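For reference, the structure is listed below as structure tokens.
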Amino acid sequence: MLESYVELVALHKRFASLAAVSDVNLAVPEGQVTTLLGPSGCGKTTILRLIAGFLQPDSGDIRIKGERVNDIPPQRRGAVVVFQDYALFPHLSVFENVAYGLRRRKVRGPELKGRVESMLTFLGLADQAAKSPLQLSGGQQQRVALARALVVEPDVLLLDEPLSNLDVKLRVRVRTELKEIQRSLGKTTILVTHDQEEALSISDRIAVVEAGHIRQVGTPYEVYARPVDAFVADFLGIANFLPATVLAVTPGSVLLDTPIGRLLAEASGFVAGDAVTVLLRPSAIRLSASSGEAMVRTSVRSTSFLGGFRRYELLLGDFLLIADQPMTGLDAREPELWLSIDPAAGLHVLASRPR
Amino acid sequence: MREPLTLLTGLGVITVLIVFVLLPIVAVVAYPPFTDYLTLPENGRWVRAALNTGRMVVLSTTTATLVGFIYAVVISRPELRGRKVLRLIATLPLFSPPFTLGFSYLLMYGRFGLISHDVLGFESSILGWKSLWAVQTLTHFPFAALAIERALAATPARLEAAARNLGASGFEVFHTITLPLVRPAIAGAALLIATYVLADFANPLVIGGDFPLLATEAWYRIDGWGDMRGATVLAATLLPPALFFFVAERFWVSRRKYTVISGRGSAFDRLPLPQPLMWTLIAVCLFVAAIILSLYFGIVAGAFTETWGVDWTLTLNQWSVVLSKADHLRNSLLYAATAGLAATMLAMLAAFLVDQRAIPFRRVVDFVCVLPAAVPGVFIGIGYLLFFGRAGIPFAGTATLMVLAFTFANLPFSYQVVRSGLAQIDQNLADAAANLGASRLRILWDVHLRLLLPTCVAAWTATFISCITNLSIAIFLVTSGTQVATFSILGLIGDNRLEAASALTTALLAITLVVLMITWRVSRSTGLVSVVVDA
């Protein structure tokens with residue numbers, strides 16, 4: 001396996017006064033899904049277009065399988081895009097849509113037919129070959145787009161917000177399908193999305209992008225549980241940021257003074273007296289109707305029922321905390337609750353206060 | 001039916017359409033004894049006219065569509081500066097009387113033409129089919145240019161990007177994606193142009209020379225011979241091909257237009273064209289635009305010249321003619337404005353009833369409303385003359401008849417503008433009003449009229465321009481008391497008073513332009529919309 005199957009080196013791209021991509025470095029490993037995750041306008045789609053060759057970088061290199069491809073036009077790059085709205089050709093049948101790339105590669109006759117048909121069968125579209133893409137459902141259109149990209153056996157598959165045009169229920173199903181297809185083909189894939197849930201569930205690696213910069217690269221678990229800063233923490237899910245001060249330092253851990261009392265967290269690189277921020281996911285908080293050891297009293301501002309769990313907005317003085325609790329035990333109308341931290345959840349300490 | 005008033009209105013609309021659209025058409029076709037149609041192939045001149053018409057339609061449609069396509073490709077390139085100026089130049093012929101370019105062609109490239117004679121030194125007559133072909137191309141290519149430009153703009157650049165991404169070269173992208181997607185627009189524009197060239201009447205009169213065409217022959221039969229039977233036979237001969245083009249456009253081409261799957265997707269830049277190709281296309285456009293500008297320059301220059309081709313002295317003398325024909329200009333303005341208003345209101349009513357499914361025979365009504373677009377103006381002129389011109393009809397030979405002919409001949413434009421405007425109004429609004437107790441007509445008044453005012457302004461403007469520049473209908477219906485400017489201009493050209501004709505054309509163009517600018521401002525600033533109602 002190549003650790004740098006696709007490699008972006010010091011990539012820069014400006015549009016007029018906007019620095020869309022600034023000093024982006026990224027290694028995409030072979031056969032895995034690497035996700036560019038960020039809010040809209042962060043530059044993630046620009047990075048995808050730079051890789052596909054629709055845009056030229058102002059400086060920096062794009063390498064595929066070690067070869068610099070900056071000067072190779074999009075039609076010969078071997079990086080094929082599944083577009084956000086699929087960009088299916090409305091005047092061509094499903095079969096011809098999928099055959100399009102093969103025809104451009106001078107594949108003809110029985111080979112063309114065989115490859116298109118086996119790809120359609122692989123994606124469960126065998127019955128749809130003669131139809132117009134306009135006759136298909138959103139999920140089917142998405143698979144045609146995928147088939148059209150995969151059939152040319154690209155080096156890299158580029159997915160531009162592939163699920164954003166599907167409704168919520170379908171999205172989860174297609175997400176699973178997409179992951180299975182990718183696994184079974186072992187196709188190196190770069191996915192662009194603003195949906196953190198999609199990114200967490202589908203990716204082998206996530207690169208969090210903000211304002212043209214890559215903030216952090218890591219496994220889904222790493223970026224979720226060990227974000228490098230408040231932006232990453234916040235973007236990957238609901239986060240409580242507790243302002244804290246380092247009281248004492250031991251090798252591998254710190255003792256913190258926080259609004260909910262003294263807490264021990266795994267961390268290094270801090271000295272006593274540092275102002276830090278503690279990241280606390282809503283699921284790391286436990287609530288109880290009666291007091292106990294290491295508990296803090298909070299008042300309940302509001303609660304909402306979210307199916308599998310109940311979300312609490314808690315006030316600790318004037319400090320707002322969000323906590324998710326399983327649907328057992330607690331009376332939702334309780335005005336005050338006792339709060340403690342799940343020791344298994346672990347605490348993550350960020351170097352500075354959130355902006 | 002719980003809404004008798006609505007139903008009654010619907011039946012009223014149907015009656016009006018039968019009387020003013022269908023019956024005049026029937027009147028023309030049924031006028032000559034059937035045997036007259038059979039003798040048509042025996043008349044050598046008429047056969048020649050039919051063949052000439054066919055040749056002119058094929059040649060002009062081909063070149064106008066081709067030039068329009070090239071023009072569209074150039075003005076749809078967003079990176080090109082000055083494309084808006086090019087587009088503006090192409091829209092000029094759309095707002096001018098139909099013979100403007102033919103007339104000016106005479107001035108600039110004729111025997112004593114400013115460019116052909118004085119600049120290039122040719123010494124020959126240009127009258128004839130080649131000049132007519134050139135003028136028809138210049139007059140009608142804007143339809144293709146604007147329609148194809150719109151189709152190109154509607155073809156998402158990301159489809160081209162996707163094709164490129166799948167391995168297509170620039171030429172392959174054009175050949176396999178872009179061209180197939182705009183092909184219906186090209187075919188539609190070609191059919192539209194064919195209809196116009198088939199029916200055009202003014203340019204052949206001005207520069208055709210002795211090149212008989214069906215439309216002009218029909219006029220000569222009436223004007224020179226008082227031969228209504230011959231005229232109706234010739235006009236009726238125009239109808240089948242015109243209907244064929246119309247039906248082909250409406251039922252074949254427009255159904256093949258591709259709706260592109262839309263969805264959230266970010267914009268792409270269009271792929272650049274190869275430089276040499278781009279420059280060639282730009283050169284073609286600049287050449288065409290230069291000729292058009294030269295022709296408009298000729299008109300304006302003629303208006304201030306003592307004797308064209310002989311005495312180039314700058315003078316205002318010609319404008320005394322304009323003053324003496326001020327009432328013709330006033331008639332043009334008045335009839336066009338009134339017809340615009342009538343057509344817009346009728347279109348509004350019919351479109352609303354059709355849109356709300358509140359009229360019996362909905363599909364038929366829809367078809368009849370757009371039918372006049374297929375019928376050549378010559379045909380409508382003769383039809384109104386025949387059907388309403390007889391004794392006993394109270395408005396025979398009056399301005400009312402001309403206004404009515406203008407109104408119904410232009411109903412399709414207003415109707416289509418209003419229908420597309422209606423389609424953009426959320427049905428929920430009408431439903432909400434109905435839910436709160438409003439009747440259909442009440443909904444028309446409260447919801448649609450208020451939201452459609454800009455659309456109405458557009459519909460009115462389109463009809464106004466079409467009427468004020470009309471010749472083919474007016475020529476059959478004018479009387480000494482109802483002279484219109486286009487007819488006067490034709491007369492002046494016929495008398496070889498080219499400078500005076502230029503001055504009157506310039507005045508007409510100026511009026512059209514002023515009205516266009518006013519409505520353009522009005523339709524963009526909602527507060528002034530009532531201006532239209534007062535027009």
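None of the figures in this text is laboratory data; all of them are computed from the coordinates on show. Owing to the predicted nature of the structure, the values given are computational and were not obtained by experimental measurement. Neighbour counts are summed over all protein chains in view; Cβ atoms, including those assigned to glycine, are modelled from backbone coordinates with ideal geometry.
Here is how the numbers come out for the structure above:
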| item | result |
| --- | --- |
| Above-threshold pairs, the threshold being 25 Å between Cα atoms, out of A:K13/A:K65; A:K44/A:K113; A:K65/A:K179; A:K44/B:K84; A:K113/A:K187 | A:K44/A:K113; A:K44/B:K84 |
| Cα shape, region A:24-129, gyration tensor, a/c 1.5 rule | prolate |
| Fewest-first ranking of B:W308, B:W133, using other Cβ atoms within 10 Å as the exposure measure | B:W133, B:W308 |
| Chain B, relative contact order in percent, only Cα pairs under 8 angstrom and at least six apart counted | 21 percent |
| For peptides B:65-72, B:99-106, sequence by mean Cβ density within 10 Å, most packed first | B:99-106, B:65-72 |
| Distance between region B:411-441 and region A:179-248 - C-alpha centres, whole angstrom | 49 Å |
| Simple spin-label estimate for A:S184 and B:R150 in nanometres, 7 Å along Cα-Cβ | 4.7 nm |
| Global form of the protein assembly as shown, assessed from the alpha-carbon gyration tensor, a/c cut-off 1.5 | prolate |
| Longest DSSP-loop-exposure-free segment, trypsin sites (Lys or Arg not before Pro), chain B, at most 11 other Cβ within 10 Å | B:82-263 |
| Loop GluC sites (Glu not before Pro), region A:256-326 (other Cβ atoms within 10 Å of the site Cβ: 12 or fewer; DSSP) | A:E293 |
| Kirkwood hydrodynamic radius over Cα pairs of region A:45-189, then Stokes diffusion coefficient at 4 °C and 1.567 mPa s, in µm²/s | 82 µm²/s |
| Tensor-based shape of region B:1-120 (alpha-carbon gyration tensor, a/c under 1.5 rounded, otherwise prolate or oblate) | oblate |
| Region A:306-341 and region B:268-302: distance between their alpha carbon centers, rounded to Å | 70 Å |
| A:K131 long-range amide H proximity, modeled H, under 5 Å | A:V94, A:F95 |
| Per-residue average of Cβ from other chains inside 10 Å of A:38-49 | 1 |
| Angle between chain A longest axis and helix A:168-185 axis [Cα atoms, degrees, rounded to 10] | 60 degrees |
| Unit Cα scatterers, Debye sum, chain B: log10 I(q)/I(0) for q = 0.07, 0.11 Å⁻¹ | -0.42, -1.07 |
| Inter-probe distance in nm under a simple model that places probes 7 Å from Cα toward Cβ, at B:V19 and A:L247 | 9.8 nm |
| Alpha-carbon Debye profile of chain A, log10 I(q)/I(0) at 0.12 Å⁻¹ | -0.94 |
| Loop-located chymotrypsin sites (Phe, Trp or Tyr not before Pro) in region B:340-444 whose Cβ has at most 14 other Cβ within 10 Å (DSSP) | B:F361, B:F395 |
| Cut-off under 5 Å, modelled amide H: who pairs with A:L159 long-range | A:V82, A:I190, A:L191, A:V192 |
| Computed label-point distance, nm, for sites B:V58 and B:I115 using a 7 Å Cα→Cβ extension | 2.8 nm |
| Per-residue ³J(HN,Hα) for region B:47-57, Karplus 6.51 cos²θ - 1.76 cosθ + 1.60, θ = phi - 60°, Hz, x for Gly and Pro | 4, 4, 4, 5, 5, 4, 4, x, 5, 5, 5 |
| Estimated 222 nm signal from helices in chain B, with DSSP H stretches of n ≥ 4 weighted -39500 (n - 2.57), rounded to 500 | -22000 deg cm²/dmol |
| Table column - 3J(HN,Hα) (Hz), region B:203-211, Karplus curve with 6.51, -1.76, 1.60, x for Gly and Pro | 4, x, 4, 7, 10, x, x, 8, 10 |
| At 1.002 mPa s and 20 °C, Stokes diffusion of region A:104-253 via Kirkwood alpha-carbon radius, µm² per second | 118 µm²/s |
